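Chemist: Just dropping this structure here.
The values are calculated or read from the model by the stated rules, or taken from the named source; none is laboratory data. Just so you know, these numbers come straight off a predicted model, no measurement behind them. Cβ sites come from the backbone with ideal geometry, for glycine too, and all protein chains shown count toward neighbours. Heads up: the accessible areas ignore ligands, DNA and RNA and are worked out on the full protein's heavy atoms, side chains in. Shrake-Rupley method; radii C 1.70, N 1.55, O 1.52, S 1.80 Å.
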Amino acid sequence: MIILSGGTGTPKLLPGLKEVFGEENLTIVVNTAEDVYISGNLICPDVDSVIYTLAGIIDRERWWGVAGDTFHTHNALKRRGHDERMMIGDTDRATHILRTELIKRGMTLTEATCELKARFGINAEILPMTDERVSTRIITPDGELHFQEFWVTEHGEPEVCDVRFDGIERAKPTRAVINALESAHEVLIGPSNPITSIGPILGLKGVRELLKGKEVAAISPIVGNEPVSGPAGKLMRAKGFEVSPSGIYRCYEDFLDALVIDKNDKLDVDVDLKVIKTDILIRTPEDSVRLAMLLRDHLAW
């Protein structure tokens, strides 16, 4: 199974998919447009959330970083006048240092990620969407912000006028991503932000066209008219989409075959689409397994 993933909503589903389908049968294509260099090291927030989740060490309160991590280095840097903008844990930082060193030695991001996931004992394939730099930029009335500045530093508070992906026009999906999509029969879009988590993956040349020949299902990250978490609502409105399951459909309408929405929601579009209703909130590992089993049973995957 191919899964398109961001860094919060979809990782919550991965433990269930791992149990129901088998970790070795999962190939996760991950957004890299939120990557950023901090204190000399490359931070890949979405990739790391996938790695830490499958390794069983994710901080389940925040769904980023390592559970029980310490912040001695971050606090020491802060005391000496260096503001990192993001709170980076000590164990988490070790991942970033290793990734950066591997890339300095000549590895691509894909190769470095493969090395990292092997060292964490992960059997799933974890594929960065591209080895080239793409940067999510949030356009506000007061100027342009990198996504991490908007979400982490400004807590998602600025008004959003638009969203753009710097470098997306020249970036290409990796050969590993293309091969995975070409050979796949089913593709699952996890319950991640459709604009800034899934949008960059779909924006890469040829990806949407490859999906048109597959059976594609998506899980809505919206309940009613509100996102389950994060700034998806504000970002969807900025791009002209209604914040609703119907808005999620519109984001993927050129290739989508099935949509999983909350049991109390409805789809206000008249289309030939399989709609599955259930409790889509993932509060516990048991919820993750329940949702994965529903996908298996209703989609015959």
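Chemist: When ligands, DNA and RNA are left out and all protein chains stay put, how many square angstrom of accessible area per residue does the chain have with a 1.4 Å probe? Walk me through the intermediate numbers first.
Modeler: Details: 13120 Å² over 301 residues.
So the chain comes to 44 Å² accessible per residue, rounded to a whole number.
Chemist: Turning to a different aspect of this structure: Kirkwood Rh, the chain, all Cα pairs: how many Å?
Modeler: Details: mean 1/r = 0.0514 Å⁻¹.
Answer for the chain: a Kirkwood hydrodynamic radius of 19.5 Å.
Chemist: While we're here: Placing +1 on the Cβ of each Lys and Arg and -1 on the Cβ of each Asp and Glu in segment 166-270, which of Gly224, Ile261, Ser197 has its Cα farthest towards the positive end of the resulting dipole?
Modeler: Ser197
Chemist: Let me ask something else about it. Cross-link list Lys212/Lys274; Lys172/Lys274; Lys214/Lys274: which exceed 19 angstrom alpha carbon to alpha carbon?
Modeler: Values: Lys212/Lys274 16 Å; Lys172/Lys274 31 Å; Lys214/Lys274 14 Å.
Over 19 Å Cα-Cα: Lys172/Lys274.
Chemist: Taking the Cα-to-Cβ direction at Asp142 and at Ala55 and moving 7 Å from each Cα, how far apart do the two end points lie in nm?
Modeler: Result for the modelled spin labels: 3.6 nm.
Chemist: How would you rank 42-49, 120-127, 246-253, 169-176, highest first, on the average number of other Cβ atoms within 10 Å across their residues?
Modeler: Working: 42-49: 24.5, 120-127: 18.9, 246-253: 20.5, 169-176: 15.9.
Answer by packing, highest mean first, reads 42-49, 246-253, 120-127, 169-176.
Chemist: At 7 Å along Cα-to-Cβ for each site, give me the label-to-label distance between Ser39 and Lys274 in nm.
Modeler: 4.7
Chemist: Taking Cα atoms, how many degrees apart are the long axis of helix 109-119 and the longest axis of the chain, rounded to 10 and kept between 0 and 90?
Modeler: 90
Chemist: Please list, by residue number, every one of the GluC sites (Glu not before Pro) in segment 10-75 that is coil in DSSP and has at most 15 other beta-carbon atoms within 10 Å. Let's see the in-between values first.
Modeler: Details: sites: Glu19, Glu23, Glu24, Glu34, Glu61; in loops: Glu34, Glu61.
When the GluC sites (Glu not before Pro) of segment 10-75 are filtered for loop state and at most 15 Cβ neighbours within 10 Å, Glu61 remain.
Chemist: I need the peptides 211-218, 25-32 ranked by packing, meaning the mean over residues of other C-beta atoms within 10 angstrom, with the highest value on top. Mind showing how you got there, number by number?
Modeler: Numbers: 211-218: 18.2, 25-32: 24.4.
Peptide ranking by packing, descending: 25-32, 211-218.
Chemist: Ok, one more. Dipole magnitude of the chain about its Cα centre, charges +1 at Lys/Arg Cβ and -1 at Asp/Glu Cβ only, in debye to the nearest 20? The partial results should precede the final answer.
Modeler: Details: 35 positive and 47 negative charges, 99 e Å.
Dipole about the Cα centre, nearest 20: 480 debye.
Chemist: Tally Lys and Arg at +1 and Asp and Glu at -1 over the other residues with C-beta under 14 Å from the C-beta of Gly68: what net charge comes out?
Modeler: Numbers: positive: Arg60, Arg62; negative: Asp59, Glu61, Asp69, Asp90, Asp92.
Result for the local shell: -3.
Chemist: Right, another one. Round to a whole number: what % of the accessible area of segment 232-301 belongs to carbon and sulfur, probe 1.4 Å?
Modeler: Details: 1580 of 3410 Å².
Carbon and sulfur: 46 percent of the exposed surface of segment 232-301.
Chemist: Right, another one. Subtract the Cα-Cα distance of Glu154 and Thr100 from 0.36 nm times their separation in residues, and report this length gain in nm to one decimal.
Modeler: On the way: separation 54, 0.36 × 54 = 19.44 nm, distance 2.64 nm.
Taking 0.36 nm per residue and subtracting the Cα distance, the gain is 16.8 nm.
Chemist: Each residue of segment 43-54 in order: what ³J(HN,Hα) in whole Hz does its phi give by Karplus 6.51 cos²θ - 1.76 cosθ + 1.60, θ = phi - 60°, with x for Gly and Pro?
Modeler: Whole-Hz 3J(HN,Hα) from phi for segment 43-54: 9, 10, x, 6, 4, 5, 5, 5, 4, 5, 5, 5.
Chemist: While we're looking at this one, here's another question. Less than 29 Å apart at the alpha-carbon level, and either on another chain or at least 8 residues along: which lysines does that give for Lys78?
Modeler: Lys104
Chemist: I've got another one for you. Which distance in nm do the two modelled labels at Glu209 and His82 give, with both placed 7 Å along the Cα-to-Cβ direction?
Modeler: Between Glu209 and His82, the label points sit 4.6 nm apart.
Chemist: Further question: Please report, as a whole percent, how much of the solvent-accessible surface of segment 101-206 comes from carbon and sulfur atoms (probe radius 1.4 Å).
Modeler: Details: 2310 of 4920 Å².
Here carbon and sulfur together make up 47 percent of the probe-accessible area.
Chemist: Would you work out the relative contact order for segment 130-223, in percent, from Cα pairs under 8 angstrom that are 6 or more residues apart? Walk me through the intermediate numbers first.
Modeler: Values: 115 pairs, mean separation 25.9, N = 94.
Relative CO of segment 130-223 lands at 28 percent.
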